[in-house]
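The values are calculated or read from the model by the stated rules, or taken from the named source; none is laboratory data. Every value quoted in this text rests on a predicted model; they were computed, and no experiment measured them. Cβ: placed from backbone, ideal geometry, glycine included. Neighbour counts: every protein chain shown. Note: areas computed on protein heavy atoms with side chains; ligands, DNA, RNA excluded. Shrake-Rupley method; radii C 1.70, N 1.55, O 1.52, S 1.80 Å.
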Amino acid sequence: MTDPETPSPQSDVPQMQVTPARKRWWHQLSPVWLVPIVALAAALGVAWQSYAGRGELITISFQNASGIEAGQTPLKFRDVTIGVVEQVNFGAGLSEVLVNVRVSKDVAPFIDGSAEFWVVRPEVSVRGVTGLDTVLSGAFIAGRWDSESSGARNSFTGLEVPPMLGGLDQTGMAIVLKLRDGNQISAGAPILYRGIEVGAVGAPRLADDGDGVLIDAFIQAPYTERLTSASRFWDASGFDVSIGPSGVELDVKSLASLIEGGISFDTVVSGGDPVNAGDTFEVYPDENTARDSVFTSANDATLPVSVVFDGSVSGLTVGAEVRFRGLKVGQVTDLGAYVEGEGAARRVRLRANLELQIGKLGLGEDATPEQAIELLGTFVQNNGLRARLTTASILTGGLLVDLVELPDVAPATIRMDAAPYPELPTSEAALSDFAATSQGVFERINALPVEELMQSAIDALDSFRMLAADPATRRVPEAAVGLLDDTRALVTSEDVAAIPAEVRAITTSAREILNKIEEGQAVENLIAAIGRADRALTSLETASADFPAITAEVRSIAEKVDGLAMEELLASADQLINSADALIGTEEARALPAAFTGALEEATVFLAQIRAGGAIERANSAISAAEAAANSINEAASSLPDLSERMSGLVVSADGVIAGYGERSRFNSELMSVLRDIQSAADAVTALARTIERNPNSLILGR
Amino acid sequence: MTAPQILGAPTPTARSAGLIGCTRCGRVFAPGTELCTRCGAPLSSRDPRALQRVWAWWFAGLVVYFPANIYPMLITRTLTYSGEGTILGGVVELLGHGDYFVAFVIFFASILIPVGKFLAIAFLALSIRNHRFLDEHAQHRLHAVVEFIGRWSMIDVFVVAILASLVRFDAVATINPGIAAISFALSVAFTMLSAQSFDPRQIWDE
């Protein structure tokens, strides 16, 4: 082995065997080079793959990004992780949080305009615990979208509240519910059909026109068949207390609906039309109203009018009924005050906006608001149609607007130019039924035929005198005496004296009516009743305050009685006395039997008394007789405080009814304990929720 | 080594004596001998491709060393936490917790030693005939140190392997090796091969 190119310092040593050089350079390459090349290729391949397959970046904006961590929080679709939050930063003006999510490439094309995103956090509610897995793993972003890709987007606005049950992938129907207010319903509250949960509602939102609250609701698939245009929804929140013939009934729906609210529906009558997704249904305050509404006219067009009241409208509430001849034809939609006039003439007036249901005015199905207002205008002009406040319930003191036809009122017209709605003329409020009743009593007294009575008495006396003067009469003096007795009895006692009794009877019947009211349907809503009992008392006080006016009226009646044709009566009486004297002085009279003589003596005493007193005393005694009538009436009037007291007592007892359910009764204590139980249950749930929120580990550690 | 005695003079080598030294047992043979008669190892005076292999393994080690540092070493999943940790990230985290000693150990074993190994091998391969910075003896010692220390770089991989096999409590806590663990193991293996491919006899060649 020689290597000429490697000179050796020692020539005696054999030359090294060296591989011949100068071959092509790749021949000298070691195969080991394959290793770094493969490694490099693999590394580059992995790098390229992870770059190319890293997915699309989408941006979701949230108001609240609590629980979202960059690099940690996953995005899940149908509970499968399809991406991870890459970055969390703020949008323009720090007004929102932008969450950048790297989404898996094969899913990204489906995330289009239909996509919704929300943050799933652990939630402990009365209906159960949801998102428990997120207690341990932290919040995640959930998304849903349909299975068609139509123009992928990469910027979205996240939902602040999880969408309601159902959605794009669930079969069912989304509808819209309209409520008066949303304070009893929270998102996720159940929709019940005969007690079965068939759907859920979303978060309440204000209607565009500010009138009412709209809630998106979702009814799950098989139950949508139960939904027709004849379906009625009602608020099943809270509990009902009703006092009926069977006693007090407390109806508590499920604990969940008690706290969270709930909406029930039922299809009351058959024959409804199928509904379409997105249809709006009104939610009635209770089941009865909902069921009743089915039978109301199909014409639900309404006519807005306004009514201006001078006095207090305390007790009139939004939603109060508007009645026309006892029928509910509408309701109060708004109450407000406004200032009228200029300078010293300025005054505050109260305006109530009413909503009249045209279908109930008897104009037929297709009536228009124009026809309705024309009809009302005719009624106002011809029949004296006026709006006035009336007590709706004695117990609650609530008011309603009554459209009454008053025969003798000053002519008026509907002010068509009034803003915002045509203004109906009003009449003085018939505010208190007590006052009205008492007034009615005295109207009856007033209407008693006192004048006719007097006239009859005068006539009778005249006739008596004629009779007395008549020789034929002298043969039958007992008839005259009897007549005199009758007259005296008539004037002094019975009928007139019966008046107070009648007042009492009326009072009693009034009390009976109240009793019936108590027994019948007095307290429909205990809470409301308790809350408004004060107002009832206030209203009753107002009623009592009206009594002096009534008393004054009574006095005027008495005066009227006083002012009756006394002189004539006196003159007639004088003549009668004279004639009677002459009669008594006759021998035939002396020959009368003893019994008759007694009667005559009585008459003599009577007449002698009248005579002895002279003209003035006679007049006085005649007046005193008339006055006795007036006194009776006065007595009736003086019994007014008594009446008032009775009514007070009535109120007190009505109050007692309420108080019986209010303070210490067994019913109340039971109700209270029920409520307390519910309260403590709710507290416990809240405490649990708070504990879990503060210390999620407690679930695991058991502390 | 009796370095002081031969300082200044060229160190006699088997090659310079026209012999072939066995790299395993050190016995010299006459040229042309294929196998060591004492230990049976194949004999060659110099492997002309040794340096190539050194560089090839060196590059392979370097290539996989990058993912070893970029990708996660440990994938930790506990009930409340799911995370991935890179080597350097782990060091920083440990520093943040105040565990300076452990942080230093990891930093030393996982960063300093591999990087130092790369530098040392590259230095040796480049300056194999240039003794300006280190003389032959120092280079030889450096090579011995690199060869010796190579296996200890695997300590990181061992830790990961032990953790991954011990911490397996299903849902409660699980540790899985990440892609960096494999890369790191490969990197260590490649640099060990690179160091082994180095023929220290060439240090002494003129």
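Points worth noting:
- Qualifying residue in segment B:129-152 (condition: at pLDDT below 80, more than 15 Å from residue B:192 (Cβ to Cβ) and of a type in the set (Lys, Arg)): yes
- The set of residues from segment A:182-201 being under 17 Å from residue A:159 (Cα atoms) and open to solvent by 10 Å² or more (accessible area, probe 1.4 Å) comprises A:186, A:187, A:188.
- Only residues that are assigned to a loop (DSSP other than H, G, I, E, B) and surrounded by fewer than 17 Cβ atoms within 10 Å (Cβ to Cβ) were counted across segment A:269-285, and they come to 10.
- All conditions in (1) modelled with pLDDT of 85 or more; (2) away from chain A (no Cβ under 13 Å) hold for residue B:40, with the sole exception of (1).
- There is no residue in segment A:105-125 that is at pLDDT 80 or above, touching a Leu at 6+ places or on another chain (Cβ under 7 Å) and over 24 Å from residue A:189 (Cβ atoms).
- Residue list for segment A:400-426, restricted to those being closer than 21 Å to residue A:319 by Cα and at pLDDT 80 or above: A:400, A:401, A:402, A:403, A:404, A:421, A:422, A:423, A:424, A:425, A:426
- Residue A:240 being within 16 Å of residue A:263 (Cα to Cα), modelled with pLDDT under 80 and assigned by TED's automatic domain parsing to the domain that holds residue A:275: yes
Per-residue answers, yes or no, for (1) surrounded by fewer than 16 Cβ atoms within 10 Å (Cβ to Cβ); (2) at pLDDT 80 or above; (3) within 28 Å of residue A:217 (Cα to Cα):
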residue	(1), (2), (3)
A:70	yes, yes, no
A:96	no, yes, yes
A:155	yes, yes, yes
A:163	no, no, yes
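- Hits in segment A:209-220 - residues which are at pLDDT 80 or above and open to solvent by 30 Å² or more (accessible area, probe 1.4 Å): A:214, A:216, A:220
- For segment A:297-381, the strands (runs of 3 or more DSSP E) that sit wholly inside it and include 2 or more residues that are touching a Ser or Thr at 6+ places or on another chain (Cβ under 9 Å) are A:302-309, A:327-340, A:347-357.
- Hits in segment B:16-31 - residues which are more than 7 Å from chain A (Cβ to nearest Cβ), open to solvent by 20 Å² or more (accessible area, probe 1.4 Å) and part of a loop (DSSP other than H, G, I, E, B): B:16, B:19, B:23, B:24, B:25, B:26, B:27, B:30
- Here residue A:337 fulfils each of the conditions (1) open to solvent by less than 30 Å² (accessible area, probe 1.4 Å); (2) of a type outside the set (Phe, Trp, Tyr); (3) within 24 Å of the chain's Cα centre (by Cα); (4) closer than 17 Å to residue A:311 by Cα apart from (1).
- When B:78, B:86 are checked against the criterion of being over 21 Å from residue B:154 (Cβ atoms), more than 8 Å from chain A (Cβ to nearest Cβ) and of a type in the set (Ser, Thr, Tyr), B:78 stands alone in meeting it.
- Residue check for residue B:122: open to solvent by less than 20 Å² (accessible area, probe 1.4 Å), away from chain A (no Cβ under 13 Å) and modelled with pLDDT of 90 or more: yes
- Filter result (polar (S, T, N, Q) and touching a Phe, Trp or Tyr at 6+ places or on another chain (Cβ under 6 Å)) within segment B:163-196: B:187, B:194
- Residue within segment B:184-192 that is free of Cβ contacts under 8 Å to residues at least 40 places away in the same chain and loosely packed, with under 15 Cβ neighbours inside 10 Å present: no
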